[in-house]
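Okay, so here's the structure we're looking at.
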Amino acid sequence: QQQVKQSPQSLIVQKGGIPIINCAYENTAFDYFPWYQQFPGKGPALLIAIRPDVSEKKEGRFTISFNKSAKQFSLHIMDSQPGDSATYFCAATTGGGNKLTFGTGTQLKVEL
Amino acid sequence: SQTIHQWPATLVQPVGSPLSLECTVEGTSNPNLYWYRQAAGRGLQLLFYSVGIGQISSEVPQNLSASRPQDRQFILSSKKLLLSDSGFYLCAWSTGDTEAFFGQGTRLTVV
């Protein structure tokens, strides 16, 4: 029940395309859902996060869509660029400083 | 602003040797601290977390241990490294109802 399932495992898109990464969870106590971006050899960096009281959140080219009833959330990257090539992790937590539960990651490659 | 320091960045150690990785956080008090391990091309596995000095919770049985001697210091140790301990080790912190912030990681290769 603590798992967060993430798909796809890897994704290749052309420059300007809109990659979509999906995550699903079971634990209805989760109330905070951050996304992390990780470049090779670096630690993950917080990208964007959402709470279940909203259905969508945008920050620049990154958008989270959240479907509370389906217990699913997804990351969309608009006008993707080669510099967006990285591994993306979704995560969930019950808040209050509790530990995050991470998805298994998606390796994104944006080709010219 | 808060910063997290993790060192060393890379480490090559022989099998059977001891290990000590250190992580410190600046700019915040009483953070929750975490050690994660990431195998090549894999996800993040939580190893230990701490909500205060001397308070350590272990997520998986293993050859490693953690200690928190000071409020903003977290140490990952091993008495005798195994080949399977190789990986990318990440320290992270969080406070209250927030997401975690990661250090830059330590690439450990056990040979």
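General observations
- Which numbered condition B:PRO18 fails, given (1) within 15 Å of B:LEU81 (Cβ to Cβ); (2) out of contact with any Lys or Arg (no Cβ under 9 Å at 6 or more places or on another chain): (2)
- Residue check, A:PRO40 within 13 Å of chain B (Cβ to nearest Cβ) and either touching a Leu at 6+ places or on another chain (Cβ under 8 Å) or in a loop (DSSP other than H, G, I, E, B) (or both): yes
- Checking each residue in region B:9-35 for being within 12 Å of another protein chain (Cβ to nearest Cβ) and open to solvent by less than 50 Å² (accessible area, probe 1.4 Å) picks out B:CYS23, B:THR28, B:PRO31, B:ASN32, B:LEU33, B:TYR34, B:TRP35.
- Selected residue (criterion: surrounded by the fewest Cβ atoms within 10 Å (Cβ to Cβ)) from residues of region A:1-36 that are part of a strand (DSSP E or B) and in contact with an Asp or Glu (Cβ under 8 Å, 6 or more places away or on another chain): A:GLN14
- Every listed requirement among (1) of a type in the set (A, V, I, L, M); (2) away from chain A (no Cβ under 14 Å); (3) more than 30 Å from A:GLN9 (Cβ to Cβ) is met by B:VAL111 save one, (3).
- So A:SER80, is it over 20 Å from A:PHE102 (Cβ atoms) and open to solvent by less than 10 Å² (accessible area, probe 1.4 Å): yes
- Spans of strands (runs of 3 or more DSSP E) in chain B with at least 2 residues at pLDDT 95 or above and more than 20 Å from A:GLN37 (Cα to Cα): B:10-13, B:19-26, B:65-70, B:73-78, B:106-110
- The test for being of a type outside the set (Val, Ile, Thr) and under 27 Å from A:ILE50 (Cβ atoms) does not hold for B:PHE48.
- No other residue among B:GLN38, B:GLN45, B:GLN62, B:GLN6 is polar (S, T, N, Q), surrounded by 15 or more Cβ atoms within 10 Å (Cβ to Cβ), within 12 Å of chain A (Cβ to nearest Cβ) and free of Cβ contacts under 8 Å to residues at least 40 places away in the same chain apart from B:GLN45.
- So A:SER55, is it more than 11 Å from every other protein chain (Cβ to nearest Cβ), surrounded by 15 or more Cβ atoms within 10 Å (Cβ to Cβ) and out of contact with any Asp or Glu (no Cβ under 8 Å at 6 or more places or on another chain): no
- Qualifying positions in region A:43-52 - touching a residue at least 40 places away in the same chain (Cβ under 8 Å) and outside any strand (DSSP E or B): A:PRO44
- Any hit, region B:86-103, residues being within 14 Å of another protein chain (Cβ to nearest Cβ) and surrounded by fewer than 14 Cβ atoms within 10 Å (Cβ to Cβ): yes
The values are calculated or read from the model by the stated rules, or taken from the named source; none is laboratory data. In this text the structure is predicted, and so the values were computed from the model without any measurement. Here Cβ is always computed from backbone atoms with ideal geometry, including for glycine, and neighbour counts include all displayed protein chains. To get the accessible areas, we keep the full protein, side chains included, count just its heavy atoms, and leave off ligands, DNA and RNA. Shrake-Rupley method; radii C 1.70, N 1.55, O 1.52, S 1.80 Å.
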